[in-house]
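Data block below; observations after.
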Amino acid sequence: MKTTFALFLLLSVSLRSAHARENPYDVFGKVLAPFVGLLAKESESPNRALSLDARLVEATPSPAGLAGSTVHLDLESPDKLRLRAPVLGEEVTICRNGQQLWAAPGAKIEALINRVDLPKPKKKYKLADFELPIPEQQLVFLPVLFQVADAGDETVGGATCRVLDVHLMPELARSLDVENWSLRVWVTPNYRLAKLQVKTPQWSGLFEFNRIAFSPTLTAETWIPGPEQTDVVKLTPERFKQLLDAAFGAKERKSGPKTKKPKPPEDFSLTR
């Protein structure tokens, strides 16, 4: 009788635990929520700023020296951004504060721009404010844009993380020509990203997040060069656009006739 009761109790606990496991769509929604609140103009969230540190664990294909590199990002809605990352083999800092822009080290930035073949930037070019890639009135439909599947649990940095496989809804993926793109996300118990794996037909990369912090604002010192940054170049929005073109894979300048290049990103505004 005692054995039967013990088995019943164990089964009851197991059933309650299985029932308590959170729906993967709800987990993914809670991961997205602070990022949506950061950028949505009608957001009720007090947090309008983000700081994160990420490490590229592995990438295929990967330029020499890129794997293991780190990226630091500061962002404050609607128009402030500071990024420190390797760009075409150089560790650079790029900062935007509205339409005021600077980058360091200045000599390397100028060399980076000058060594690639770029179209002339648009005159009177202005950077747009950051905004969500979909209309805010459609945010209620955000969960149905994804297919989310549970991939078990895995320990990351001592924390048991929920692992989720994420794809865009097939109709949307076909319309965007990203049918073979996928994400795998590792989610901490407090719904923060621990790792992110991106797979496309041309590239795959695994990122590990050492820090993700949301806050109402960042300090004014965030947007000015530090005392160690003595080689700084100020950029106009037009020149900044050229730097983005260089960072996003424009071809290095060669002698002979010019070849047609892929259309570069319009700006660094996270717009649709």
Restricting attention to the range 196-218, the residues that are exposed (fewer than 15 other Cβ atoms within 10 Å of the Cβ) and among the acidic types (Asp, Glu) number exactly 0
In the range 179-194, the residues that are of a type in the set (A, V, I, L, M, F, W, C) and under 14 Å from residue 155 (Cα atoms): 185, 186, 187, 193, 194
Apart from one, (1) open to solvent by less than 90 Å² (accessible area, probe 1.4 Å); (2) of a type outside the set (Val, Ile, Thr); (3) more than 30 Å from residue 62 (Cβ to Cβ) all hold for residue 227; the odd one out is (1)
From the list 46, 78, 86, 34, which one is in contact with a Phe, Trp or Tyr (Cβ under 8 Å, 6 or more places away or on another chain) and either at pLDDT below 85 or open to solvent by 50 Å² or more (accessible area, probe 1.4 Å) (or both)? 78
Residue list for the range 49-70, filter: over 25 Å from residue 131 (Cα atoms) and open to solvent by less than 60 Å² (accessible area, probe 1.4 Å): 56, 57, 59, 62, 66, 67, 68, 69
Which is among the β-branched types (Val, Ile, Thr) and either modelled with pLDDT under 80 or in contact with a Lys or Arg (Cβ under 8 Å, 6 or more places away or on another chain) (or both), of 134, 109? 134
Criterion: within 30 Å of residue 99 (Cβ to Cβ) and open to solvent by less than 50 Å² (accessible area, probe 1.4 Å) - qualifying residue of 164, 172, 132, 193: 132
List pairs: first residue in the range 174-186 and farther than 19 Å from residue 163 by Cα, second residue open to solvent by 100 Å² or more (accessible area, probe 1.4 Å) and modelled with pLDDT under 95 anywhere in the structure, Cβ distance under 7 angstrom, at least six positions apart or on different chains. none
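The values are calculated or read from the model by the stated rules, or taken from the named source; none is laboratory data. The shown structure was predicted, so the numbers you read here are calculated from the model rather than taken from an experiment. Cβ coordinates were reconstructed from backbone atoms using ideal geometry, including for glycine residues, and neighbour counts include every protein chain displayed. All accessible areas refer to the heavy atoms of the entire protein, side chains included, with ligands and DNA or RNA removed. Shrake-Rupley method; radii C 1.70, N 1.55, O 1.52, S 1.80 Å.
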